[in-house]
Every structure is written in C-alpha cells, then in structure tokens.
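Written below as structure tokens is the structure these notes are about.
The values are calculated or read from the model by the stated rules, or taken from the named source; none is laboratory data. Only a predicted model underlies this, so the values are computations on that prediction, with no experimental measurement involved. Here the Cβ positions follow ideal geometry from the backbone for every residue, glycine too, while neighbour counts run over all protein chains shown. Heavy atoms of the whole protein, side chains included, go into the accessibility calculation; ligands, DNA and RNA do not. Shrake-Rupley method; radii C 1.70, N 1.55, O 1.52, S 1.80 Å.
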Amino acid sequence: MTQGTFEGSAAVRLDIDEADRRILRVIQEKPGLTMRELGEETGLSHTPCWRRLQRLQEVGIVSEKRYLVDPEAVGFDIVVFCFVRISEHRRERLQEFERAVERVPEILQCYSLSGEHDYVLQVVSRSVRDYEATVKNALTELPNVRSISTSFTLKRVKASTYVPV
C-alpha cells in the first residue's frame, strides 16, 4: 500500500524493550515533538532516543511521518466497504488484482481475507453518484473480480491509528 500504511510482511519482527515501547507510545500521541522533546518525554537522552527511532524506522516498525486527513472534513462523506470475491486464486492473478487496487485513489485500504470473501476494500466518495462512477470506472475494471458486495457506512464510531504497544 502506498499511503504510508503497513504492509503485512514489510515490518521485520524485532524484539523491542520498554524504552522502545515508550518511544512508540509518545510518537503516536505527539507526532510533532522534536527529538529533544521526545527524549524528555521518554526519559532518554537525545542520541540514544534518535538511534532507537532510526532502528525502528529501518526495520519497518515506524513508517514515515505523515499528516492524517479526515476524509469527511474534505468532502468525502460516503465510506463504503466492498467485499470482493476473486475468480482465480493463482498467485499472479491475485498480485495483478492487488497492483490494480493500488492505482485507484478512492480505495483507501485493502485487506486480504479468509472466509466467504477474498478481499475487503475501504472506498471513499463524495456522494452516492460519485461512488457509482467509481464502481463503473474502476471497481468493475479490477482484474480477476468475480463479485463485489457493498456496504455503505452510516456513522463512524471509531477510527484510530493508535497501536497499543
């Protein structure tokens, strides 16, 4: 995924200690801190704090810093979950589908699933009419799709990016 999200096998499993956990908790709650402030918040001096954060970034535990935009606040009032069934389950056909998903900007997230459906897509749209255009122009054009089942959300109850480390 290209939006600064974590891909399943991208992060290397790393044994992290309590100092690493403190860094992870603080940068999630206060991402704008300077390195000096991060050190103060975590009880570490500047250099060890910087080295630990660099190591966490190098192994993929921490991704690049980004600002989060609330889709609803910028006019994307419709959030849809599309449950996708795939026609062929060969590796190259699945990879072809996944590459195509990355090229559709309205698809914010895509997860491979076990069970009845193969994938779930989180799609945003400005209106039902715009969503219909996305379906016609992008979703039905995704390779290897057998069927798409759509659920419109009614209300966002929780949307957290905080990982409880």
> Which residues, counting only those in the stretch 76-135, are in contact with a helix residue (DSSP H, G or I) (Cβ under 6 Å, 6 or more places away or on another chain) and either free of Cβ contacts under 8 Å to residues at least 12 places away in the same chain or farther than 18 Å from S151 by Cβ (or both)?
Replying inline: none
> For the stretch 133-144, how many residues meet the condition of being open to solvent by 40 Å² or more (accessible area, probe 1.4 Å), within 18 Å of L94 (Cα to Cα) and of a type outside the set (D, E)?
Replying inline: 1
> Does A73 satisfy the condition of being touching a residue at least 12 places away in the same chain (Cβ under 8 Å) and not hydroxyl-bearing (S, T, Y)?
Replying inline: no
> Given (1) under 25 Å from P31 (Cα atoms); (2) open to solvent by 70 Å² or more (accessible area, probe 1.4 Å); (3) in contact with a Gly (Cβ under 6 Å, 6 or more places away or on another chain), where does S63 come up short, assuming only one miss?
Replying inline: (2)
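Could you list, in sequence order, all residues of the stretch 95-132 that are in a helix (DSSP H, G or I) and open to solvent by 40 Å² or more (accessible area, probe 1.4 Å)? Explain how you work it out, then say what you get.
Residues of the stretch 95-132 that are in a helix (DSSP H, G or I), as a first pass: 95-102, 128-132.
Across the stretch 95-132, the qualifying residues are Q95, E96, E98, R99, E102, V128, R129, D130, E132.
Could you count how many residues in the stretch 133-155 are assigned to a loop (DSSP other than H, G, I, E, B) and not β-branched (V, I, T)? Lay out the reasoning, then the answer.
Residues of the stretch 133-155 that are assigned to a loop (DSSP other than H, G, I, E, B), as a first pass: 138, 142-144, 153-155.
Next, only the ones that are not β-branched (V, I, T) stay: 138, 142-144, 154-155.
Final tally of qualifying residues: 6.
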> Restricting the search to the stretch 66-94, which residues are open to solvent by less than 80 Å² (accessible area, probe 1.4 Å) and within 16 Å of the chain's Cα centre (by Cα)?
Replying inline: D70, P71, V79, V80, F81, C82
> For the stretch 12-27, what are the residues that are open to solvent by less than 70 Å² (accessible area, probe 1.4 Å) and either touching a His at 6+ places or on another chain (Cβ under 9 Å) or at pLDDT below 95 (or both)?
Replying inline: L14, I16
> Which of the residues spanning the stretch 136-165 are of a type in the set (S, T, N, Q), without any contact (Cβ under 8 Å) to a residue 60 or more places away in the chain and within 15 Å of F81 (Cα to Cα)?
Replying inline: T140
